[in-house]
1. Could you please tell me which pairs satisfy a Cβ distance under 8 Å, a separation of 6+ or placement on different chains, a first residue in segment 63-74 that is over 18 Å from L136 (Cβ atoms), and a second residue that is at pLDDT 95 or above and outside any helix (DSSP H, G or I)?
2. Given the options E84, E120, E126, E115, name the one that is crowded, with 17+ Cβ neighbours inside 10 Å and either under 10 Å from the mean Cα position of the chain (by Cα) or not basic (K, R) (or both).
3. Quick check, is W68 modelled with pLDDT of 85 or more, exposed (fewer than 11 other Cβ atoms within 10 Å of the Cβ) and not in a loop (DSSP other than H, G, I, E, B)?
4. Of a type in the set (G, A, S), more than 26 Å from L26 (Cα to Cα) and at pLDDT 85 or above: is that true of A98 in this structure?
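The values are calculated or read from the model by the stated rules, or taken from the named source; none is laboratory data. Note that the structure is a prediction, hence the values are computed from the model and not measured. Here the Cβ positions follow ideal geometry from the backbone for every residue, glycine too, while neighbour counts run over all protein chains shown.
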Amino acid sequence: MILRRLKAILVTAVLWGVAWLPPGVLFGLYLSSRTFDDVVMVEDGKLVRQPLEIWPMVARISLIWSLWGAAIGVLFALGVLIAERRHSLREISTWRFAVLGGAAAGVLPTYILIEAMRHEVTPDAEALGIILLVVLYGAGIAVAMLRAAQRGLTTDSHVPLA
């Protein structure tokens, strides 16, 4: 039973990590577009201009988002195991699953926002919009996972979550 739960948590982490890769690529491209076209470096006491390498930056940001997605997946899986332990996949409410996914996705950005406000940084509309998009994306991933799992069930199967 414990191994099955650990496997479910691991699989969920991998799926969420993969699901967060495309937004990571988009965010990396967005950040690279807002960065200067070249970088000034000091070599041997001389200033040398080097072109900005976009793809290493995009790759790093994408990796960070995928790892973050995997961490969110672990939070989500733990939330589902705790909140829905008495229900089978057929009985789970789509709305509750979406709320669990959105909550898991929103934990870190909300924490960062609260910490910024404690240091007297006022969030702008862009920051609040990003948090909203992250929460909605997490809810969407959760619903997509539930729908895929429910489609995979046979009509007479009863698979408990815990």
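1. Pairs found: S66/W20; A70/W20.
2. E84
3. no
4. Answer is no for this residue.
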